């Protein structure tokens, strides 16, 4: 089950190196920065592709500090990077969406002097997310979450013109409170056990080494912290301001990736693997999920700003993922992860399309757009395809993952929640049929008569993401199910016997450093 | 135990400043107090009454060292956490500066209201 993971640090080292190289070349070759981002993302795509090809759990210990014998057991004292099915799925998603965003940024960002700094922050964001996905201990999870978060605060305020700085201020304050809560939770677990490694902690908590009040306190703080990072209602207040304020490729990175890697992934990793999920936790996830699902979709109705509509729908779509995580079955977890990945693909395509439409029509107001299809068919097709995906129209991926969530809900006997989810899906469908009709069809406003198709580097990444949206639904029986299934099995054993936690602990302890 | 209770009281003071004050600088100070309360708690967790600094010299016996010094790990964690907190505070202060230049006030209620 275990293999050597000596290449794992590359997932963090590559974007870090590319980022700081952008800064070094700032005075010499400022035009190289966007290309460095593209090269680093393509490298990560190749790495993630080869990682997905592998199986089992791969582990790397920094400086060779593997498991050591202390007293009557063996514990990991050093920094561990662990690659299992769950990490593989999300690393692949980060690489795919990141590559699309990096290519899109080539022409989207005007050649302004601050551009190398944008690319430094972009690469730091990617490095932080990849690090969080590979972290094998709680403290490094916290550190990488903070690296990615700090980069995202800076990127939200990258082009201050309107209310960007206010949005970033609010986002930074709420984000830092959430991170401090997570750190306090980690401190509580450390005080009770003297451990930080997730495998050791999981074994200790499963054996009952942590008193129940301390465990409940830490769990509460983790819910608070990671639900804020996910922007689950009622912790969503920062997202509708922060995500639309960022430049389009960053909106795509934040809504498509950040709320999943720092929110959903971290929540799944910490709760399903370390703290443990009981009935109360499942109920909490279901409640948060239902609230986000309906709250997001209802608040989106009142908006006219295309990017704000998309941002509220991110809250709503994360609701589906939380609801599915609250189901006590392997299918529920698999459906949740599948929907999280699908949302990453179509929401980033939507935000990139919104950026293109803003560039074409000079506005983000839906009521002032229209008829773009006659002028820029490729951009329009990208928007329509991604709208159909989020609306859950077959054969796009949004349909299949929502269907899986509904099947999991019904087979778990949660008919009321299933009804709520189906209702919210219908509302989403209505909204996005309206969005695409207003944005790209209908009469062309007179002031857009001179609009011309955008450069290929701006519509090709969107079209590529839309094709991925089609493929990830259609190829489910031939490959996608394996990757998503391995991710779900990494945190929850498919059958009754055997435990995912035991497998994880064995994998980390069984691995030997060279 | 008193020490733990005091750090939580400090945490409360910071949260109060963050939530109740309308002046942005006071909000920033509140946030810094929250961060430092958690840092203090971490150091307090690693403290063992009457033990020395965790410095392992060449030739020392690891077992004796472990029995005679405080827990070094929380101190390493706090160092990292302070650096992260410094980054966040710097960024926050830069934003406060930008907002003050634009609105001529530090009062959050007198700025453009965000709709979310």
Study note, to complete from the structure: Within segment A:179-200, the residues that are at the interface with chain B (Cβ under 10 Å from one of its Cβ atoms), within 18 Å of residue A:82 (Cβ to Cβ) and not in a helix (DSSP H, G or I) are A:195, A:196
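Would you call residue B:41 modelled with pLDDT of 80 or more, part of a helix (DSSP H, G or I) and more than 13 Å from the chain's Cα centre (by Cα)? Explain how you work it out, then say what you get.
Numbers: modelled with pLDDT of 80 or more: yes; part of a helix (DSSP H, G or I): yes; more than 13 Å from the chain's Cα centre (by Cα): no.
It is false that residue B:41 is modelled with pLDDT of 80 or more, part of a helix (DSSP H, G or I) and more than 13 Å from the chain's Cα centre (by Cα).
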**Study point:** Candidate set: segment A:119-168, residues that are in contact (Cβ under 8 Å) with a residue 12 or more places away in the chain and more than 26 Å from residue A:14 (Cα to Cα); chosen: the one farthest from the other protein chains (Cβ to nearest Cβ)
**Key:** A:159
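Quick one: would you say residue A:157 is more than 30 Å from residue B:66 (Cα to Cα) and within 25 Å of the chain's Cα centre (by Cα)?
Numbers: more than 30 Å from residue B:66 (Cα to Cα): yes; within 25 Å of the chain's Cα centre (by Cα): yes.
It is true that residue A:157 is more than 30 Å from residue B:66 (Cα to Cα) and within 25 Å of the chain's Cα centre (by Cα).
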**Study point:** residue A:439 being touching a helix residue (DSSP H, G or I) at 6+ places or on another chain (Cβ under 8 Å), free of Cβ contacts under 8 Å to residues at least 24 places away in the same chain and part of a helix (DSSP H, G or I)
**Key:** no
Exercise for review: State whether the residues of segment A:179-195 include one that is farther than 16 Å from residue A:259 by Cβ and touching a strand residue (DSSP E or B) at 6+ places or on another chain (Cβ under 8 Å).
Suggested key: yes
Review point. Under the condition of being more than 8 Å from chain A (Cβ to nearest Cβ) and within 20 Å of residue B:34 (Cβ to Cβ), which residue from segment B:91-107 is modelled with the lowest pLDDT?
Key: B:106
Review point. Among (1) over 26 Å from residue B:44 (Cβ atoms); (2) within 11 Å of another protein chain (Cβ to nearest Cβ); (3) assigned to a helix (DSSP H, G or I), where does residue A:229 come up short?
Key: (2)
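Yes/no matrix, rows are residues, columns are (1) modelled with pLDDT under 90; (2) facing another protein chain (nearest Cβ under 10 Å); (3) part of a loop (DSSP other than H, G, I, E, B):
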{"position": "B:12", "(1), (2), (3)": "no, no, no"}
{"position": "B:19", "(1), (2), (3)": "yes, yes, no"}
{"position": "B:31", "(1), (2), (3)": "no, yes, no"}
{"position": "B:50", "(1), (2), (3)": "yes, no, yes"}
{"position": "B:85", "(1), (2), (3)": "no, yes, no"}
{"position": "B:89", "(1), (2), (3)": "no, yes, no"}
{"position": "B:113", "(1), (2), (3)": "yes, yes, yes"}
Review point. Here are A:240, A:234: which of them is within 13 Å of chain B (Cβ to nearest Cβ) and either within 16 Å of the chain's Cα centre (by Cα) or over 24 Å from residue A:276 (Cα atoms) (or both)?
Key: A:240
Review point. Considering A:418, A:424, which residue is buried (at least 17 other Cβ atoms within 10 Å of the Cβ), free of Cβ contacts under 8 Å to residues at least 40 places away in the same chain and part of a helix (DSSP H, G or I)?
Key: A:418
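Every residue, every condition in (1) touching a residue at least 24 places away in the same chain (Cβ under 8 Å); (2) within 11 Å of chain A (Cβ to nearest Cβ); (3) within 26 Å of residue A:175 (Cβ to Cβ); (4) within 15 Å of the chain's Cα centre (by Cα), yes or no:
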residue: B:5; (1), (2), (3), (4): no, no, no, no
residue: B:8; (1), (2), (3), (4): yes, yes, yes, yes
residue: B:15; (1), (2), (3), (4): no, yes, yes, yes
residue: B:70; (1), (2), (3), (4): yes, no, no, no
residue: B:109; (1), (2), (3), (4): yes, no, yes, no
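Look through segment A:201-214, keep the residues that are part of a helix (DSSP H, G or I) and farther than 25 Å from residue B:79 by Cα, and return whichever of them is nearest to the other protein chains (Cβ to nearest Cβ).
Step one: filter segment A:201-214 for residues part of a helix (DSSP H, G or I), giving A:201-206, A:212-214.
Remaining after also requiring farther than 25 Å from residue B:79 by Cα: A:202-206, A:212-213.
Numbers: A:202: 19, A:203: 19, A:204: 16, A:205: 17, A:206: 22, A:212: 18, A:213: 13 Å.
If we take residues in segment A:201-214 being part of a helix (DSSP H, G or I) and farther than 25 Å from residue B:79 by Cα, then A:213 is nearest to the other protein chains (Cβ to nearest Cβ).
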Review point. Could you say whether any residue in segment A:297-306 is touching a strand residue (DSSP E or B) at 6+ places or on another chain (Cβ under 7 Å) and either modelled with pLDDT under 95 or surrounded by 24 or more Cβ atoms within 10 Å (Cβ to Cβ) (or both)?
Key: yes
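The values are calculated or read from the model by the stated rules, or taken from the named source; none is laboratory data. In this text, all values refer to a predicted model and were calculated from it rather than measured experimentally. Because the Cβ atoms are built from the backbone with ideal geometry, glycine has one as well, and the counts that use them run over all protein chains shown.
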